[in-house]
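S.K.: I'd like to ask you about the structure that follows.
The values are calculated or read from the model by the stated rules, or taken from the named source; none is laboratory data. Quick caveat: nothing in here was measured; it's all calculated off a predicted structure. Neighbour counts run over all protein chains shown; Cβ positions are idealised from the backbone, glycine included. Surface areas here come from the heavy atoms of the whole protein model, side chains and all, with no ligands, DNA or RNA. Shrake-Rupley method; radii C 1.70, N 1.55, O 1.52, S 1.80 Å.
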Amino acid sequence: MHRKELTDMSKVVLAYSGGLDTSVIIAWLKENYGYEVIAMTADLGQGEELAPLEEKALRSGASKIYIEDLRREFVEEYIWPTLKAGAVYEGKYLLGTSFARPLIAKKLVEIAEREGAVAVAHGATGKGNDQVRFELGVKALAPHLKVIAPWREWDIRSREDAIDYAAARGIPVPVTKKSIYSRDRNIWHISHEGGELESPANAASYDMLMLTVPPEQAPDRPTYVEIGFEQGIPVSLNGRRLDGVSLLEQLNAIGGANGIGIVDMVENRLVGMKSRGVYETPGGAILVYAHHELELLTLDRATLHYKEQVALRYAELVYDGVWFSPLREALDAFVNSTQRTVTGTVKLKLYKGNIMPAGITSPYSLYDEELSTFGRDEVYNQADAAGFINLFGLPLKVRALMEKKAGLR
């Protein structure tokens, strides 16, 4: 490939993970565009993965690297709104990669403007969802910036090709041809794709797990956790008030030790194909379950059921990368209104991959024991139900009479 748009001193900011793709991309951008490459890594809770990144980025050819601690912003401004919405994609995926990408795009734009860069770049493939999420974020925040997506341009066609490219240039990469999983990790989850997972006929090997033990290896005794919520936001764990980052870290450890939050699914990608992946979301699975239990106690039937419809649309928006959109902001306004009474404490029992309710309380509980009892009560006249059923069933009765009269039955 010939160099394109070669401009002395032009800069590009690359969303850099230190993985195979982005390590190779640094060299490729320099060779094919002639840009100075500035790496940007978002610390979203990857932990020990961040330690070698500065040295690795510079050895791979970057002129500098920004490592931005975005954990608190990630939890408070991306995870909590999605949790409050109850958004789960296709009934299984808790959106761990999806809502991280808009924040990374936002930070890419900020650093590009600070550095006077003419472009940003990412390592998402032309088959995946992340290319859309990154680029929609850039379009929404800085439409003047050029976006470079090497996977849509270069001659590399597989991860094996990328490994060979890196080896030829002495670029340090974290995978081999025998360990070919593509992973994404943050404080909410870790995802695994590739390798034997590319065939849905293959059972996933639990050897890949990094946050969670296989359920059969979890303790033989249950673990109990108690989570406190205020207006839909988790604020305490087992009676201790914690910030969001600390709470999630502790729940990840507890959930992981009990085999919680392993999801193996075939999902519908935005770009039109199906893909198969394994997700580990131990703390997130606990929070989603607890939050839903609290809503069952504190939201009226009509609001709860309508919110379930909103949750489906919200999940699609997040999955599709349309975070910076008027519709998501409008849905947030609805969700936040519903969360005014979602305050209380949820106790859960964790046992070998399972989550079970173990008690729930709220000052805004709509559960009335006198009304619900099967015992004797003085507040509910059961005879009233006859009139209600007559009115509620009137359309069915009218239709049945019509069908009989018209000879249809």
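S.K.: For R114, R169, R241, R269, what's the largest-to-smallest order of accessible area, 1.4 Å probe?
M.R.: R241, R114, R169, R269
S.K.: Taking the Cα centre as origin and putting +1 on Lys and Arg beta-carbons and -1 on Asp and Glu beta-carbons, what dipole magnitude results for the stretch 257-332, to the nearest 20 debye?
M.R.: Details: 7 positive and 11 negative charges, 47 e Å.
With only Lys, Arg, Asp and Glu charged at Cβ, the dipole is about 220 debye.
S.K.: Take each complete run of DSSP H in the chain, measure how far its Cα atoms stretch along the helix's own axis, and keep only those covering 18 Å or more with mean Kyte-Doolittle hydropathy at least -0.5; list them.
M.R.: Flagged H segments are 20-33, 100-115, 244-257, 282-298, 301-319, 326-338.
S.K.: Please give the contour-minus-distance gain from K404 to E73: 0.36 nm per residue of separation, less the Cα-Cα distance, rounded to one decimal in nm.
M.R.: Taking K404 through E73 to full extension adds about 112.8 nm, to one decimal.
S.K.: Now a separate question. Long-range amide H contacts for I262: which residues qualify at under 5 Å (H placed 1.01 Å from N, peptide plane, sequence gap of 5 or more or a different chain)?
M.R.: Excluding prolines and chain starts, which carry no amide H, the hits are T281.
S.K.: Return one whole number: the accessible area per residue of the stretch 159-272 in Å², for a 1.4 Å probe.
M.R.: For the stretch 159-272, the solvent-accessible area averages 49 Å² per residue.
S.K.: Can you compute the helix-only [θ] at 222 nm over the chain? Use -39500 (n - 2.57) per DSSP H run of at least 4 residues, normalise by all residues, nearest 500 deg cm²/dmol.
M.R.: -11500 deg cm²/dmol
S.K.: Would you grab the residues whose amide H sits under 5 Å from the one on S236? Only those 5+ places off in sequence or on another chain, please, with H modelled 1.01 Å from N.
M.R.: Residues meeting the amide H criterion: G228, L242.
S.K.: Let me spell out the model: positive unit charges on the Cβ of Lys and Arg, negative unit charges on the Cβ of Asp and Glu, origin at the Cα centre of the chain. What dipole size does that give, in debye rounded to 20?
M.R.: Computed about the Cα centre, the dipole is about 960 debye.
S.K.: Considering only DSSP beta bridges whose two residues both sit in the chain, what percent are antiparallel, to the nearest 5?
M.R.: 65
S.K.: A further question on this structure: Can you give the FRET efficiency for E369 and L304, using 1/(1 + (r/R0)^6), R0 = 25 Å, r = Cβ-Cβ distance, to the nearest 0.05?
M.R.: 0.80
S.K.: Taking a quarter of the surface of the convex hull around the Cα atoms of the chain, what do you get in nm²?
M.R.: 27.5
S.K.: Can you check what the net charge comes to around M265, using other residues whose Cβ is under 9 Å from the Cβ of M265 (Lys, Arg +1; Asp, Glu -1)?
M.R.: Here the charged neighbours net out to -1.
S.K.: Another question, then. Please state the relative contact order of the stretch 164-270 as a whole percent: Cα pairs under 8 Å, 6+ residues apart?
M.R.: Once normalised by length, the contact order is 22 percent.
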